[in-house]
Amino acid sequence: MPTARAISTAVLLSTATLLASSLTACAPTDRDGDRQGDTGGTTTDAQALNDLRAQTPHWRDCPAPAPIQGGGEAPGALPDGTPWQCATLRTPLDWKNPSGKTMDLALVRARTSGTPDDRIGSLLFNFGGPGGSGVATLPGLAADYEKLRTRYDLVSFDPRGVGSSGGVRCPDAGLPDEDEIDNIPDDGGDETNALVRYNRETAAACEKHSGDVLPYVGTTQAARDMDLMRQVLGDEKLHYLGISYGTELGGVYA
């Protein structure tokens, strides 16, 4: 069975995250063409980008989180009766080749509690990790952002390679039980060697089963995905709240 925990373990060893949060509204800059995959390529590429930007997500009631998202029950309605809705967004596997293969990203949202005149747009969340499922996380934290919902639709997503979004799959058959591995070893002895060996074996499993996807899973690609979300959601600017690693993702977008 695929596991997201092993991915998180390996990534946490090599990534220093910022323990802060930021709320930004970013307008497209002169670099937007590169971020969106506008490489100055063929007419086919241009048409593919136009088609992606014109897609309409099919919003539906959210199912229970999949095991790879952490499991649990389907999110219940908010106190005012607003349901959580889920959808998928089609995005290029490789933003430098937008007319090539695509992948689906999982989205979640709760519509604003305000009037149409009060609504600013969609507020997109990334809760960090890297490797955290926004689809599974946002509903559980909604009470913390209820005041923001008077002006925004609350939206989050599983970044590419995470949770229910297409991408990296790392079967854990044959690997040691992660619960037996000390993620923060006290010394450079056996515990450290066991952790290094576990992460190497996990990385090898990821490469074996998802090697054609791994080059396209990263912060830059995720930032381009967010700009596509902005356009598909109908916002002129990206309204974004990033926590921990999410601040780095927001900085790359900006």
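Side notes on the structure shown:
- Applying 0.36 nm per residue to the separation of Leu214 and Asp144 and subtracting their alpha-carbon distance, the gain on full extension is 21.8 nm.
- Magnitude of the charge dipole for region 122-200, about its Cα centre and with charges confined to Cβ atoms of Lys, Arg (+1) and Asp, Glu (-1), is about 820 debye.
- The reciprocal of the average 1/r between distinct C-alpha atoms defines the Kirkwood hydrodynamic radius, which for region 58-123 equals 14.3 Å.
- 3J(HN,Hα) along region 78-91: 6, x, 8, x, 5, x, 7, 10, 10, 7, 10, 10, 8, 9 Hz, from the Karplus curve 6.51 cos²θ - 1.76 cosθ + 1.60 with θ = phi - 60°, whole Hz, x for Gly and Pro.
- For Lys147, a cut-off of 24 angstrom between C-alpha atoms picks up these lysines, skipping any fewer than 8 places away in its own chain: Lys237.
- Cα extents for region 79-157 along the principal axes, largest to smallest and rounded to whole angstrom: 42, 29, 18.
- Shape annotation for region 132-254: C-alpha extents along the principal axes are 53, 33, 25 Å, from largest to smallest.
- Cα-projected label distance for Gln55 with Arg200, points at 7 Å along beta-carbon direction, nm: 3.9
Read-outs throughout are calculated quantities, based only on the coordinates presented, and are distinct from any laboratory measurement. In this text, all values refer to a predicted model and were calculated from it rather than measured experimentally. For neighbour counting, all protein chains shown are included, and Cβ atoms are generated from backbone atoms with ideal geometry for every residue, glycine included.
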